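The values are calculated or read from the model by the stated rules, or taken from the named source; none is laboratory data. Bear in mind that the values here come from a model prediction, so they are computed numbers and not experimental data. Quick reminder, even Gly has a Cβ in these numbers, built from the backbone with ideal geometry, and neighbours come from all protein chains shown.
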Amino acid sequence: MLRRLFGAAADRAVAFIATVFSIAASSALTPAFAGLGAPTDGELGLPLPATDLMEKLHNVYDVVNIVIIAIALFVLFLMLYVMYRFSEKRNPVPSRTTHNTFLEVAWTVIPILILAGISIPSFRLLYDQYSFPKPDLTVKAIGQAWAWDHEYVDNGFTVSSNVVNDEDVLKEKLGEDAFAQKYGELEGIARNKALYADSAAIWAERNQLRKLTVDNEIAVPVNKVVHLLVTSQDVIHSWTIPSFGVKMQAVPGRTSAVWFKANTVGTFHGQCSVLCGKLHSAMPITVRVVEQPVYDQWVEALKAKDRKKAQSILKADAESKSAGASVAMTTQK
Ligand SMILES: [Cu+2]
């Protein structure tokens, strides 16, 4: 039917779709499914879940998507059918019908039933998100222009997470003096471009994500309930870790709460998610989910105000994990 309707246009459309699919299937542009805790190139869909909440969120998302796609296809089919069947050529004398009680009731009641159906898993998820299990620890996230402070309420210390930018990694690599010599003259966009170009290799070498890396990561123990209180000191920010299925506005003068229980060890990235101003992009959040003993060591180090040691504990843990992963991969091959 399509071919008769659109003739050559249909052939071109089919050829176009085939091309898109073949490009997508070629290895370079394969749309990967999203990663766990960090974005990946060309990804589709939501990030992989690291909490039960996010798993439920995935399910609701999938159900709603199926309903949306089915409705869109149904409406598309109706429109094409009407265009074909009731065109002036095929239907020169139009019907003068203005009412059809059965149809009118049906197209009111069926959408209501669909919406009511969607609301069931949706409200169930909302209920789970706002039913707080007993906390194992409480962290207070405070948005600042332009950094996140994380106050460990039970332990009495605060971790300030500042973004690590191109300039920082270059300074670390070259040393302050060499850096000043090389980039001191440059200004504005020329400077940014040079820093961006020259730091690319360093980011790859460090195996860190540009714009998503912070100097002090926060850590939480795996399989423990974390209550997160969220507030702000200046303007409205938003704290989120997508893989946890958690996002909360940080509003000055108000404390909001969310909770999560991460079930996977790893590094999880997020960003300030409400446009807060000039350096909104410089407010990433990094949470390291670690085993309880590692977490305890990290807490002890920070209680003793030894930031360097705390950082090195997390770094050593991440390295041992990634070494384990690559060993597993080579043995699999
Ligand atoms: Cu922001």
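Here are a few things to note about the model shown:
- The one condition in (1) free of Cβ contacts under 8 Å to residues at least 24 places away in the same chain; (2) over 26 Å from TYR196 (Cβ atoms); (3) in a helix (DSSP H, G or I) that LYS171 fails to fulfil: (2)
- Hey, LEU125 under 30 Å from MET283 (Cβ atoms) and part of a helix (DSSP H, G or I) or not: yes
- Pick from the stretch 172-193, criterion of a type outside the set (D, E, K, R) and under 29 Å from the mean Cα position of the chain (by Cα), ranking: surrounded by the most Cβ atoms within 10 Å (Cβ to Cβ): ASN192
Listed here are the residues, each with its yes/no results for (1) surrounded by 23 or more Cβ atoms within 10 Å (Cβ to Cβ); (2) of a type in the set (Val, Ile, Thr); (3) at pLDDT below 95.
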residue	(1), (2), (3)
LEU229	no, no, no
SER232	yes, no, no
ILE236	no, yes, no
THR255	no, yes, no
LYS261	no, no, no
GLY266	no, no, yes
LYS278	no, no, yes
GLN292	no, no, no
TRP298	yes, no, no
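- Across the stretch 134-157, a minimum of one residue is classified as more than 16 Å from the ligand (Cβ to nearest atom), hydroxyl-bearing (Ser, Thr, Tyr) and not in a helix (DSSP H, G or I).
- If the condition is being of a type outside the set (A, V, I, L, M) and within 14 Å of VAL289 (Cα to Cα), then the stretch 259-274 contributes PHE260, LYS261, ASN263, THR264, GLY266, THR267, PHE268, HIS269, GLY270.
- Checked across the stretch 205-217, the condition of being among the aliphatic types (A, V, I, L, M), at pLDDT 95 or above, crowded, with 19+ Cβ neighbours inside 10 Å and assigned to a strand (DSSP E or B) holds for no residue.
- Test: THR255 is touching a Gly at 6+ places or on another chain (Cβ under 7 Å), under 26 Å from LEU53 (Cβ atoms), among the polar types (S, T, N, Q) and more than 16 Å from the ligand (Cβ to nearest atom): no
Here's the yes/no breakdown for (1) at positive phi; (2) hydrophobic (A, V, I, L, M, F, W, C); (3) in a helix (DSSP H, G or I):
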{"residue": "HIS227", "(1), (2), (3)": "no, no, no"}
{"residue": "SER243", "(1), (2), (3)": "no, no, yes"}
{"residue": "THR267", "(1), (2), (3)": "no, no, no"}
{"residue": "SER281", "(1), (2), (3)": "no, no, yes"}
{"residue": "VAL289", "(1), (2), (3)": "no, yes, no"}
